[in-house]
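Enquirer: Quick one: the structure is below, questions incoming.
The values are calculated or read from the model by the stated rules, or taken from the named source; none is laboratory data. Quick caveat, the model's predicted, so the values are computed rather than measured. Because the Cβ atoms are built from the backbone with ideal geometry, glycine has one as well, and the counts that use them run over all protein chains shown.
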Ligand SMILES: [Zn+2]
Ligand SMILES: [Zn+2]
């Protein structure tokens with residue numbers, strides 16, 4: 001398998017690529033970028049697998065994202081509005097452009113519950129390399145939803161999917177916003193009962209160096225998006241994370257890296273994430289490619 005990079009987390013089967021999905025995938029593979037396209041609910045989990053079945057070098061994950069636990073408005077029918085808040089969006093540049101995108105199309109999505117029987121059927125396919133993305137997201141509270149109730153619903157969905165990942169023996173792809181302490185507790189609880197043998201990754205990591213170290217302690221990787229190309233505080237954190245704990249991703253169509261800000265993101269742009277990490281660690285891009293690809297191949301057992 002010779003892919004220079006693996007984009008370990010993107011959504012190339014989403015509506016944003018409706019017109020040119022195959023072209024985007026082919027461009028990515030031609031650039032030496034294998035990719036894992038990530039499901040967020042029952043429909044996108046199934047559609048991601050359909051795309052993965054079509055191409056060597058494309059794999060998928062299946063799971064239920066916390067933002068799909070409650071009915072709410074999304075910027076397209078497949079995902080949440082990609083607004084980055086808190087510490088990771090300095091200068092307001094990102095927030096304003098993202099807000100415009102988010103305002104462009106709003107579609108109400110229905111609430112879902114995690115159904116192990118549905119996902120078990122999909123998980124049998126060898127192209128399904130992980131369970132996720134799921135996790136805790138305390139950043140985006142849907143209007144009219146009680147915060148404590150939302151947290152309880154999210155924790156329940158996380159426990160169900162951790163248990164499921166243990167059952168089907170796959171690693172997990174965790175989405176975590178403003179909730180690292182609770183997230184680590186839930187992961188530890190599953191590990192303590194003998195679960196999660198294959199561990200997983202905290203995707204789009206924007207936490208602190210201490211939080212990254214806490215994840216390392218329980219055997220979890222972190223994956224870094226294009227946010228690292230423009231957010232100074234994340235750059236300082238990434239400098240302190242050993243390469244052995246890092247994977248790279250685009251989270252396409254969101255979070256476009258510099259120098260493509262303002263464009264739709266795509267997996268081939270993952271090289272800009274790698275280049276920034278190389279600069280921060282004072283090593284070559286080749287070294288970042290080699291180690292992060294090996295980390296992905298090992299975690300997801302890619303072949
Ligand atoms: Zn996510
Ligand atoms: Zn995602």
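Enquirer: Do you know which residues across segment 9-50 are within 16 Å of ligand 1 (Cβ to nearest atom) and out of contact with any helix residue (DSSP H, G or I) (no Cβ under 8 Å at 6 or more places or on another chain)? Full working, then the answer.
Expert: Here is the first cut: in segment 9-50, the ones within 16 Å of ligand 1 (Cβ to nearest atom) are 9-14, 16, 35-41, 44-45, 48.
Residues satisfying the conditions are 9, 16, 44, 48.
Enquirer: Exactly one of these conditions fails for residue 119: (1) more than 16 Å from ligand 2 (Cβ to nearest atom); (2) part of a loop (DSSP other than H, G, I, E, B). Give me its number.
Expert: (2)
Enquirer: If you check 274, 268, which single one turns out to be closer than 16 Å to residue 11 by Cβ and touching a strand residue (DSSP E or B) at 6+ places or on another chain (Cβ under 9 Å)? Working first, answer last.
Expert: Details: 274 fails: closer than 16 Å to residue 11 by Cβ.
Unique residue meeting the criteria: 268.
Enquirer: Give segment 2-14 a look and list any residue that's more than 17 Å from the chain's Cα centre (by Cα) and either under 22 Å from residue 173 (Cα atoms) or buried (at least 17 other Cβ atoms within 10 Å of the Cβ) (or both), or say none. Even if it seems obvious, please write down each step before you answer.
Expert: Our first condition is that a residue be more than 17 Å from the chain's Cα centre (by Cα); within segment 2-14, this holds for 2-4.
Selection gives 3, 4.
Enquirer: Within segment 21-33, count every residue that is in contact (Cβ under 8 Å) with a residue 40 or more places away in the chain, more than 18 Å from the chain's Cα centre (by Cα) and in a helix (DSSP H, G or I).
Expert: So the count comes out to 2.
Enquirer: Go through segment 232-254 and give me each residue that's within 16 Å of ligand 1 (Cβ to nearest atom), closer than 24 Å to residue 181 by Cα and not in a helix (DSSP H, G or I).
Expert: Within segment 232-254, the subset within 16 Å of ligand 1 (Cβ to nearest atom) is 234, 247-254.
Add one more test, that the residue is closer than 24 Å to residue 181 by Cα, and what stays is 234, 247-249, 251.
Answer for segment 232-254, where residues must be within 16 Å of ligand 1 (Cβ to nearest atom), closer than 24 Å to residue 181 by Cα and not in a helix (DSSP H, G or I): 247, 248, 249, 251.
Enquirer: Here is a follow-up. Which residues, counting only those in segment 140-166, are surrounded by fewer than 16 Cβ atoms within 10 Å (Cβ to Cβ), part of a helix (DSSP H, G or I) and out of contact with any helix residue (DSSP H, G or I) (no Cβ under 8 Å at 6 or more places or on another chain)?
Expert: 147, 148, 149, 152, 156
Enquirer: Given the conditions (1) modelled with pLDDT under 95; (2) over 20 Å from the mean Cα position of the chain (by Cα); (3) in a helix (DSSP H, G or I), which single one is not true for residue 101?
Expert: Evaluating residue 101 over (1) modelled with pLDDT under 95; (2) over 20 Å from the mean Cα position of the chain (by Cα); (3) in a helix (DSSP H, G or I) leaves (2) as the failure.
Enquirer: Next question, about the same structure. Are any residues in segment 34-61 within 13 Å of ligand 2 (Cβ to nearest atom) and either under 18 Å from residue 136 (Cα atoms) or touching a residue at least 60 places away in the same chain (Cβ under 8 Å) (or both), and if so, which ones?
Expert: 35, 36, 38, 39, 40, 41, 45, 60, 61
Enquirer: Here are some residues: 277, 227, 202. Which one is surrounded by 18 or more Cβ atoms within 10 Å (Cβ to Cβ), within 26 Å of residue 27 (Cβ to Cβ) and within 16 Å of ligand 2 (Cβ to nearest atom)?
Expert: Details: 277 fails: within 16 Å of ligand 2 (Cβ to nearest atom); 202 fails: within 26 Å of residue 27 (Cβ to Cβ).
Exactly one of 277, 227, 202 is surrounded by 18 or more Cβ atoms within 10 Å (Cβ to Cβ), within 26 Å of residue 27 (Cβ to Cβ) and within 16 Å of ligand 2 (Cβ to nearest atom), namely 227.
Enquirer: Considering (1) farther than 17 Å from residue 299 by Cα; (2) within 16 Å of ligand 1 (Cβ to nearest atom); (3) in a helix (DSSP H, G or I), say which one residue 215 fails and leave the rest.
Expert: Result: residue 215 fails condition (1) only.
Enquirer: Might you let me know whether segment 284-291 holds any residue that is part of a loop (DSSP other than H, G, I, E, B) and either closer than 24 Å to residue 59 by Cα or modelled with pLDDT of 95 or more (or both)? Even if it seems obvious, please write down each step before you answer.
Expert: If we filter segment 284-291 for residues that are part of a loop (DSSP other than H, G, I, E, B), which is where we start, we get 284.
Subsequent filtering for residues that are either closer than 24 Å to residue 59 by Cα or modelled with pLDDT of 95 or more (or both) retains 284.
So far as segment 284-291 goes, yes, one or more of its residues are part of a loop (DSSP other than H, G, I, E, B) and either closer than 24 Å to residue 59 by Cα or modelled with pLDDT of 95 or more (or both).
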